[in-house]
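To start, the structure itself, in structure tokens.
The values are calculated or read from the model by the stated rules, or taken from the named source; none is laboratory data. Computed from a prediction, not measured in an experiment: that's the story for all the values here. Ideal geometry is used to build each Cβ from the backbone, glycine not excepted, and the neighbour counts take in all protein chains shown. The area values use the complete protein model at the heavy-atom level, side chains included, leaving out ligands, DNA and RNA. Shrake-Rupley method; radii C 1.70, N 1.55, O 1.52, S 1.80 Å.
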Amino acid sequence: MIFCNMRKWIVILSTLLVWETQQAASLQMGQVRPTRVTDSAWRADVKTVTLTRSGVELEAPVLTMGDDGTASEQMLLQFDILADEAENLHYTIAHCDADWHRDELEPYDFMNGFESGEIENIEFSFTTLRPYIHYHQLVPAQYAAFTHSGNYIIYVTNGEGDTLLSRRFWVSEGTVKVEAEVTRPYDGMEILRRQEVDVTLTPPSPPRGTALRPEWERVLVQQNGREDNARWLEFSGYDNRALAYRYRQANIFHGGNTFRYFDCSNLRSPMYNIVRIEEYGGEVFAMIRPEENRSKKHFLNEKTLNGGMKINVWDRQNKSLQADYVWVNISLPMAQPMLDRSIYVVGQLTDWKLDSTSRMDYVPEYKAYVKRLLLKQGYYAYQLLTCSPTPAYASPSLQGGDVLTQIGSATERLEGDHWETPNRYTVFVYHREPSDRADRLIAVKRIQ
């Protein structure tokens, strides 16, 4: 009997050991890690998605909480669907952690009012060659307000429950003073090609605001809208009462170059960088002036939207409903393809992603890289970035100096890197104490 019981326990312990080993392996390989949410569209007919603070067109959607501890500002969500018939669509808002994973907060934990609703404003395009339906909605609903700071995401779904798109936004407490400065690199290396972003955090005088401790704070710096080189900074020491994040490799960014841009606002006459416009088969095609390798050229300071876009149409009054969709052809002549890297068209026009939607294809008969995008009339800025065929670029999960060894410079090959480039940096300061259930966003600072 004793022997049988011993065998039984050996089997049970062996089974538990195997299960724990499998779980550990799964965690190590990231198989059970939550999916990181992004700005995405899951249907090809969903176009021109924007989420902006109401009344502010060209800035990232960052809401700030007031003295009452809530953020009652609204955002404007807009997008088009290339179709003839309207759909019943709904939106849902969720809270995320600092790494953009859905967290455990329920709607009543992060806002007053309803976190979901129906998209009520539906309009049909007119005087356009390609018909589309324009959806727009102020969110959250009237009388609703956010009560918890942090990262947020809004999803749009149809009647069958299928997700059409997602867009991220931020709610900031604004309780901490952030000082940030763009300087020459502290290590004295490549001072003509790189920029250093130094940050200090100063808490308000007691008893107001949030107490700061290095183990509770996480500081993220983003260059323009790019995510491939976003950096978590490393705490470097105290500066009186302030927490300093400076003089580390993670603070250093390659300068890049001013953004390339084109203007397809007028389809009757080519605008800036458009060499030819043709219409056939009921569609419009715009040929952009062939691009060039700018890495060996002198820096040229031009004012652009730092990778943004602005919908516009010259000869119509309603840009939301009368701007047409155009097939824009981008080309980069090159005698031979790059064997070690792929080329991507990166900016708001491709949701700042390095994937199949932004990757250029090499066409041997043209001896050029080409990319064709279906875009709404307007002004667009972008860069040509190069990464390995399977990009191992940095993500916000990487820490400190690991970032530079992972990505190198995606702008070096085709854009060139310059200290003078007027990049727009955004600093996000997250705070989480041991008793907190979710990450808080205590400050957002923009530098340009």
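Between Rg and the Kirkwood Rh of the chain, both from Cα atoms, what is the Rg to Rh ratio?
Ratio of gyration radius to Kirkwood radius for the chain: 1.01.
Net charge around Ala141, counting only other residues with Cβ within less than 11 Å of its Cβ (Lys, Arg = +1; Asp, Glu = -1)?
-3
Rounded, prolate or oblate: which one fits the range 121-270, using the alpha carbon gyration tensor with axes a ≥ b ≥ c (rounded when a/c is under 1.5, else prolate when a/b beats b/c, else oblate)?
Since a/c reaches 1.5 but b/c is at least a/b, the shape of the range 121-270 is classed as oblate.
Ignoring solvent entirely, what values of log10 I(q)/I(0) come out of the Debye formula for the range 296-375 at 0.15, 0.24, 0.25 Å⁻¹ when each Cα is a single scatterer?
Calculated log10 I(q)/I(0) at the listed q: -0.73, -1.21, -1.23.
Within the range 370-386, list the residues whose amide N lies under 16 Å from a label point set 7 Å along Cα→Cβ of Thr38.
Residues 385-386 qualify, since their backbone N sits under 16 Å from the label point.
Compute the relative contact order of the range 173-330 as a whole-number percentage, counting only Cα pairs closer than 8 Å that sit 6 or more residues apart in sequence.
In percent, rounded to a whole number, it is 17.
So what is the 222 nm mean residue ellipticity for the chain from helices alone, if each DSSP H run of at least 4 adds -39500 (n - 2.57) and you divide by all residues, rounding to the nearest 500 deg cm²/dmol?
-2500 deg cm²/dmol
Sum up the charges of everything whose Cβ sits under 13 Å from the Cβ of Val46, counting Lys and Arg as +1 and Asp and Glu as -1, but leave Val46 out.
Value of the local net charge: -2.
Given charges of +1 on the Cβ of Lys and Arg and -1 on the Cβ of Asp and Glu, with all other atoms neutral, how large is the dipole of the chain about its Cα centre, in debye to the nearest 20?
1180
Considering only Cα-Cα distances, which of the following residue pairs are longer than 28 Å: Lys297/Lys371; Lys310/Lys371; Lys303/Lys376; Lys47/Lys367?
Among Lys297/Lys371; Lys310/Lys371; Lys303/Lys376; Lys47/Lys367, the Cα-Cα distance tops 28 Å for Lys47/Lys367.
When all C-alpha to C-alpha distances in the range 97-166 are sorted into bins of 5 Å, what percent of pairs does each bin hold, rounded to whole numbers?
Going from the shortest bin to the longest, the percentages are 3, 12, 19, 21, 19, 12, 6, 5, 3, 0.
Under a GNM of the chain (C-alpha, springs under 10 Å), which listed residue has the highest mean-square fluctuation: Ser149, Ser269, Ser295?
Ser269
Using the beta-carbon distance between Glu302 and Ser435 and R0 = 41 Å, what value does 1/(1 + (r/R0)^6) give for FRET efficiency, to the nearest 0.05?
0.25
Regarding the range 181-220, what are the three Cα extents along the principal axes, ordered largest first, in Å?
For the range 181-220, the Cα extents along the three principal axes come out at 44, 18, 14 Å.
Pairs of alpha-carbon atoms within less than 8 angstrom and 6+ residues apart define the contacts here; what relative contact order does the chain have, in percent?
Result for the chain is 16 percent.
Considering the alpha-carbon set of the range 70-122 alone, what are its Rg and its Dmax in angstrom?
My reading of the Cα-based Rg and Dmax gives 14.2, 40 Å.
Give or take rounding to whole Å, what are the principal axis extents of the alpha carbon atoms in the range 186-330, in descending order?
Largest first, the range 186-330 extends 65, 41, 22 Å along its Cα principal axes.
Quick one: length gained pulling Lys310 to His90 fully straight, 0.36 nm per residue minus the C-alpha distance?
76.6 nm
Select from the range 107-159 those chymotrypsin sites (Phe, Trp or Tyr not before Pro) which occupy a DSSP coil region and have at most 16 other Cβ atoms within 10 Å, ordered by residue number.
Hits after loop and neighbour filter: Phe114, Phe126, Tyr143.
Would you kindly find the accessible area of His136, with a 1.4 Å probe and non-protein molecules such as ligands, DNA and RNA excluded, rounding to the nearest 10 Å²?
50
Highest GNM mean-square fluctuation, the chain, Cα pairs closer than 10 Å: which of Gly174, Gly117, Gly55?
Judging by the Gaussian network model, the answer is Gly55.
On full extension of the chain, what length is gained from Asp162 through Thr183, given 0.36 nm per residue of separation minus the C-alpha to C-alpha distance?
Roughly 2.9 nm would be gained on extension.
Positive end of the dipole of the chain, charges at C-beta (+1 Lys, Arg; -1 Asp, Glu), about the Cα centre: which of Val363, Ala60, Asn266 has its Cα farthest in that direction?
After comparing all options, I get Val363.
In whole angstrom, and with the biggest value first, how far do the Cα coordinates of the range 295-337 range along each principal axis?
The principal-axis extents, from largest down, are 42, 27, 16 Å.
Counting Lys and Arg as +1 and Asp and Glu as -1, what is the net charge of the other residues whose Cβ lies under 14 Å from the Cβ of Gly113?
Every neighbour counted, the sum reads -4.
So which aspartates and glutamates can Lys177 reach, going by Cα to Cα under 17 Å and dropping same-chain residues fewer than 8 places off?
Here the aspartates and glutamates satisfying the reach criterion relative to Lys177 are Asp67, Asp198, Glu217, Asp239.
Suppose R0 equals 35 Å; then what is the FRET efficiency for Ser269 and Ala83 from their Cβ-Cβ distance, rounded to the nearest 0.05?
Efficiency for this residue pair is about 0.70.
Name the residue, out of Glu196, Glu85, Glu120, whose mean-square fluctuation peaks in a Gaussian network model built on the chain with Cα pairs under 10 Å.
Maximum among the listed residues: Glu85.
Helix 2-28 sits at what angle to the longest principal axis of the chain, using alpha carbons and giving 0 to 90 degrees rounded to 10?
For helix 2-28, the angle is close to 30 degrees.
In what order, largest first, do Ile447, Ile154 sit by accessible area if the probe radius is 1.4 Å?
Ile447, Ile154
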